[in-house]
Amino acid sequence: MVVALAVGVVAYRLTDRSAEDYYLASRTLGTVVLLFTTFATLLSAFTFFGGPNLAFAAGPEWILVMGLMDGIIFAVLWYVLGYKQWLVGKRHGYVTLGEMLGDRFGSTPLRVLVAGVSLVWLFPYVMLQQKGAGQAIVGLTEGAVPFWVGAGGITLFMIAYVAVSGMRGVAWTDTLQGLFMLSLVWVAVAWILTAVGGAGEATAALAETNPEFLALGGGLYSPQWMLSTAISIAFGVTMFPQINQRFFAAGSKKVLKRTFALWPVLVLLLFVPAFMLGAWAAGLGVTVPEGSNVVPALLAQYTPTWFAALVIAGAMAAMMSSSDSMLLSGSSYLTRDVYRPLKRVFGEGEAAAEDAREALVARLGVVVFATLSFVASLYTPGTLVQIGDTAFSGFAQLTVPVALALYWQGTTRYGMYAGVGGTQVFYVLHVFPVVETLAGLVGASVALPTAYMGWTPGIVGILLGLVLTVGVSLVTSTAPEEDPAVYRVDGVDAD
Amino acid sequence: MSVARTVGWTVVAVVMMALAVPWFLWDSAGVAFGLPVWLWWHVGWMVLASVVFAVFARTDWGLGVEGVH
């Protein structure tokens, strides 16, 4: 964490204060940095604690779900959406997704809508990091330090970090922390396997206690559930502000290509050891205290305290860097896509004063957002994987309309309103018990299904997005302010 | 012919996704070298994906994305 701060300060000194530099490091990120900064945004509490917890409770098939989702589907989307966005963004100077869409469809409401939706789903994911940090501290100190100290500490740290550093600092610390954590996970696996006599022994122990874990599928893992989860997370990750913004930040085509090819291997190197730790812990009879996570419990049992503490500190630092990426991107969505359009409505002041005010809004926004999610983390129930999955599926609803906008010139403004707005309404009604509550008021008992023939509402919403965007686009005509030619790009632009 | 190549690569992408989970090993609990057999499939498949992606990046990068009007 100390190293991370130092990197932040150096990056701060190298950063000129323009928005393109602050949010995108002036579109200059190289392969290693882009690879790891994208990777590190995945190095979150969802991976370190949530994933192993799930493997501990339900078996290691989670590795396959995450491998399919991240290693393959996300990589394909990286090319199909990411490369296209990079080309378009480079030509027109876009910094956010909302900006890109708002410009093409000549629609400020669309821009505000996309940014608003993104900020809504970012909230639970930031909260998940705070929750993870709080639990990690509780687990490490066996309850001597309360939950709110860990969650609050990471909140303060990430606010401070975003305020000083910008994309360059975030990307550099991501790289350091990514490498550091990847190494630590492997050392942890080596250490524990040495202690128990090797992978064969650990797996044999698991076969004794939970033979169903070794068989592919079963229990939680139905084919529909695995596919639903993998697809909705992959689509969601693509629309995550901090991931989506990285599509604009690559230095060159070569950087995008190399990152694309290295991605599946990196995913493999992280997820297999991390989630097998969780699964093996089940066979080794590790007990996980209520409200805690399996990885710290396993480390506490098999490795010296200093090593367990090092891993937890590393994981917290990684969660922090995930969070500050999110907050950084979130603040660019807030200022550029929400505050600026509002400002136009209420009249603008003098340019210099406006810049200062915008910077203030960005920072205040970060403080308010992180504080609220911290408070929410103290009270929200649900496991880390549940919270993360809800957020991912919320983002995933954006993917199909965005893909259509990028590739199909027949997409219209109203098609986008319907596709983005309609799917969000559909998904939100499934996540929050709105219908049940309203029905309860009139004395009826109505509930929306939690699955459609085994498929999650997240997946159904994605299909609905396709139908709505295409259907409404076909029956409406292009508004005069729309410019379908904006996304025409050639490879030549890239060189 | 770029249409044929686009179709070809699309098929490759679909196959990579479809077999990322070894459905033919469903319910199988075989263990080899200390890990479930299906996990070894996963390891091999991810390495293969990396190779396939690298070949694509080298030969046909830009297909379907650049110059689509």
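The values are calculated or read from the model by the stated rules, or taken from the named source; none is laboratory data. Quantities reported herein were computed from a predicted structural model and do not represent experimental measurements. Glycine gets a Cβ as well: all are built from the backbone with ideal geometry, and neighbour counts include every protein chain shown. Side chains included, ligands, DNA and RNA excluded: accessible areas come from the protein's heavy atoms. Shrake-Rupley method; radii C 1.70, N 1.55, O 1.52, S 1.80 Å.
Got a sec? Which of B:Leu39, B:Leu35, B:Leu48 is at the interface with chain A (Cβ under 7 Å from one of its Cβ atoms), under 19 Å from the mean Cα position of the chain (by Cα) and among the hydrophobic types (A, V, I, L, M, F, W, C)? Show your work before the answer.
Numbers: B:Leu35 fails: under 19 Å from the mean Cα position of the chain (by Cα); B:Leu48 fails: at the interface with chain A (Cβ under 7 Å from one of its Cβ atoms).
Step by step, each of B:Leu39, B:Leu35, B:Leu48 is checked, and only B:Leu39 is at the interface with chain A (Cβ under 7 Å from one of its Cβ atoms), under 19 Å from the mean Cα position of the chain (by Cα) and among the hydrophobic types (A, V, I, L, M, F, W, C).
Can you tell me which residues in the stretch B:11-22 are more than 7 Å from chain A (Cβ to nearest Cβ) and outside any loop (DSSP other than H, G, I, E, B)?
Selection gives B:Val11, B:Val12, B:Val14, B:Val15, B:Ala18.
Pick from A:Gly59, A:Gly67, A:Gly50: which is modelled with pLDDT of 85 or more and more than 10 Å from chain B (Cβ to nearest Cβ)?
On the way: A:Gly59 fails: more than 10 Å from chain B (Cβ to nearest Cβ); A:Gly67 fails: more than 10 Å from chain B (Cβ to nearest Cβ).
Checking each option against the conditions leaves just A:Gly50.
Pull out all pairs, ordered by first then second residue, where Cβ-Cβ is under 6 Å, the residues are six or more apart or on different chains, the first lies in the stretch A:261-290 and is closer than 16 Å to A:Ala57 by Cα, and the second is of a type in the set (S, T, N, Q).
A:Ala282/A:Asn210; A:Gly283/A:Thr209; A:Val286/A:Gln301
From the list A:Gln224, A:Gln242, which one is closer than 20 Å to A:Ile387 by Cα and either open to solvent by 40 Å² or more (accessible area, probe 1.4 Å) or in a strand (DSSP E or B) (or both)? Outline the logic, then answer.
Numbers: A:Gln242 fails: either open to solvent by 40 Å² or more (accessible area, probe 1.4 Å) or in a strand (DSSP E or B) (or both).
Exactly one of A:Gln224, A:Gln242 is closer than 20 Å to A:Ile387 by Cα and either open to solvent by 40 Å² or more (accessible area, probe 1.4 Å) or in a strand (DSSP E or B) (or both), namely A:Gln224.
Going through A:Val162, A:Val149, A:Val185, A:Val138 one at a time, which residue ends up being among the β-branched types (Val, Ile, Thr), within 21 Å of A:Phe49 (Cβ to Cβ) and modelled with pLDDT under 85?
Details: A:Val162 fails: within 21 Å of A:Phe49 (Cβ to Cβ); A:Val149 fails: modelled with pLDDT under 85; A:Val185 fails: modelled with pLDDT under 85.
Within the list A:Val162, A:Val149, A:Val185, A:Val138, the selection yields A:Val138.
Among the numbered criteria (1) under 15 Å from the mean Cα position of the chain (by Cα); (2) open to solvent by 70 Å² or more (accessible area, probe 1.4 Å); (3) under 20 Å from A:Leu268 (Cβ atoms), which single criterion is violated by B:Leu19?
Looking at each condition in turn, B:Leu19 falls short on (2).
When the residues of the stretch A:209-244 are narrowed to those that are of a type in the set (A, V, I, L, M) and more than 11 Å from chain B (Cβ to nearest Cβ), which ends up nearest to A:Ser118 (Cα to Cα)? Please lay out each step first, then the result.
Start the filter on the stretch A:209-244 by keeping residues that are of a type in the set (A, V, I, L, M), which leaves A:214-216, A:220, A:226-227, A:230-231, A:233-234, A:237, A:239, A:243.
Next, only the ones that are more than 11 Å from chain B (Cβ to nearest Cβ) stay: A:220, A:233, A:237, A:239, A:243.
Working: A:Leu220: 29, A:Ile233: 15, A:Val237: 11, A:Met239: 8, A:Ile243: 12 Å.
So the residue we want is A:Met239.
Any residue in the stretch A:386-397 that's in contact (Cβ under 8 Å) with a residue 12 or more places away in the chain: show its pairings with residues that are hydrophobic (A, V, I, L, M, F, W, C) and not in a helix (DSSP H, G or I) at Cβ separation under 9 Å, as long as the two are six or more apart or on different chains.
Qualifying pairs under 9 Å: A:Ala391/A:Phe240; A:Phe392/A:Phe240; A:Phe395/A:Phe240.
Looking for whichever is more than 7 Å from chain A (Cβ to nearest Cβ) and modelled with pLDDT under 90 here; the options are B:Ser28, B:Ser2. Which one fits?
Working: B:Ser28 fails: more than 7 Å from chain A (Cβ to nearest Cβ).
Matching residue, one of B:Ser28, B:Ser2: B:Ser2.
Considering only the stretch B:10-69, how many residues are in contact (Cβ under 8 Å) with a residue 40 or more places away in the chain and of a type in the set (Asp, Glu)?
Summing the residues that are in contact (Cβ under 8 Å) with a residue 40 or more places away in the chain and of a type in the set (Asp, Glu) in the stretch B:10-69 gives 1.
Of everything in the stretch B:23-52, what is of a type in the set (Gly, Ala, Ser) and outside any loop (DSSP other than H, G, I, E, B)? Give them in sequence order.
Keep residues of the stretch B:23-52 that are of a type in the set (Gly, Ala, Ser), which gives B:28-30, B:32, B:34, B:44, B:49-50.
Those that are of a type in the set (Gly, Ala, Ser) and outside any loop (DSSP other than H, G, I, E, B): B:Ala32, B:Gly44, B:Ala49, B:Ser50.
Pairs only if they're at least six apart or on different chains, beta carbon under 7 angstrom, first in the stretch A:466-477 and closer than 9 Å to A:Thr412 by Cβ, second open to solvent by 40 Å² or more (accessible area, probe 1.4 Å); list them, first residue then second.
Listed by first residue and then by second, the contacts come to A:Val472/A:Tyr414; A:Thr476/A:Tyr414.
So is A:Met100 in contact with a helix residue (DSSP H, G or I) (Cβ under 6 Å, 6 or more places away or on another chain) and either within 14 Å of another protein chain (Cβ to nearest Cβ) or not charged (D, E, K, R) (or both) or not?
no
Look at the stretch A:423-477 and say how many of its residues are outside any helix (DSSP H, G or I) and surrounded by fewer than 16 Cβ atoms within 10 Å (Cβ to Cβ).
17
Listed here are the residues, each with its yes/no results for (1) open to solvent by 50 Å² or more (accessible area, probe 1.4 Å); (2) in contact with a Leu (Cβ under 6 Å, 6 or more places away or on another chain); (3) outside any loop (DSSP other than H, G, I, E, B); (4) in contact (Cβ under 8 Å) with a residue 40 or more places away in the chain.
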position	(1), (2), (3), (4)
A:Ser331	no, no, yes, yes
A:Arg340	yes, no, yes, no
A:Glu358	no, no, yes, no
A:Leu372	yes, no, yes, yes
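Any idea which residue in the stretch A:250-274 is nearest to the other protein chains (Cβ to nearest Cβ), counting only those that are out of contact with any Phe, Trp or Tyr (no Cβ under 8 Å at 6 or more places or on another chain) and small (Gly, Ala, Ser)?
For the stretch A:250-274, the residue satisfying everything is A:Ser252.
Scan the stretch A:276-295 and give yes if some residue there is within 16 Å of A:Leu384 (Cβ to Cβ), within 14 Å of chain B (Cβ to nearest Cβ) and crowded, with 19+ Cβ neighbours inside 10 Å, otherwise no.
Checked against the condition, which is being within 16 Å of A:Leu384 (Cβ to Cβ), within 14 Å of chain B (Cβ to nearest Cβ) and crowded, with 19+ Cβ neighbours inside 10 Å, the stretch A:276-295 yields at least one hit.
Looking only at residues in the stretch B:53-67 that are in a loop (DSSP other than H, G, I, E, B) and at the interface with another protein chain (Cβ under 7 Å from one of its Cβ atoms), which one is farthest from A:Ala207 (Cα to Cα)? Let's see the steps before the verdict.
Restricting attention to the stretch B:53-67, the residues satisfying the condition of being in a loop (DSSP other than H, G, I, E, B) are B:60-67.
Checking which are at the interface with another protein chain (Cβ under 7 Å from one of its Cβ atoms) leaves us with B:61-62, B:65-67.
Working: B:Trp61: 45, B:Gly62: 47, B:Val65: 48, B:Glu66: 51, B:Gly67: 54 Å.
Filtering first and then ranking leaves B:Gly67.
Are any of the residues in the stretch A:71-94 farther than 25 Å from A:Gly251 by Cβ, of a type outside the set (Val, Ile, Thr) and facing chain B (nearest Cβ under 8 Å)?
no
So A:Gln301 clears everything in (1) of a type outside the set (Phe, Trp, Tyr); (2) within 14 Å of chain B (Cβ to nearest Cβ); (3) free of Cβ contacts under 8 Å to residues at least 40 places away in the same chain except one condition, right? Which one?
Evaluating A:Gln301 over (1) of a type outside the set (Phe, Trp, Tyr); (2) within 14 Å of chain B (Cβ to nearest Cβ); (3) free of Cβ contacts under 8 Å to residues at least 40 places away in the same chain leaves (2) as the failure.
Have a look at A:Leu206, A:Leu184 and point out the one that is within 14 Å of chain B (Cβ to nearest Cβ) and either part of a helix (DSSP H, G or I) or more than 30 Å from B:Asp27 (Cα to Cα) (or both).
Working: A:Leu184 fails: within 14 Å of chain B (Cβ to nearest Cβ).
The match here is A:Leu206.
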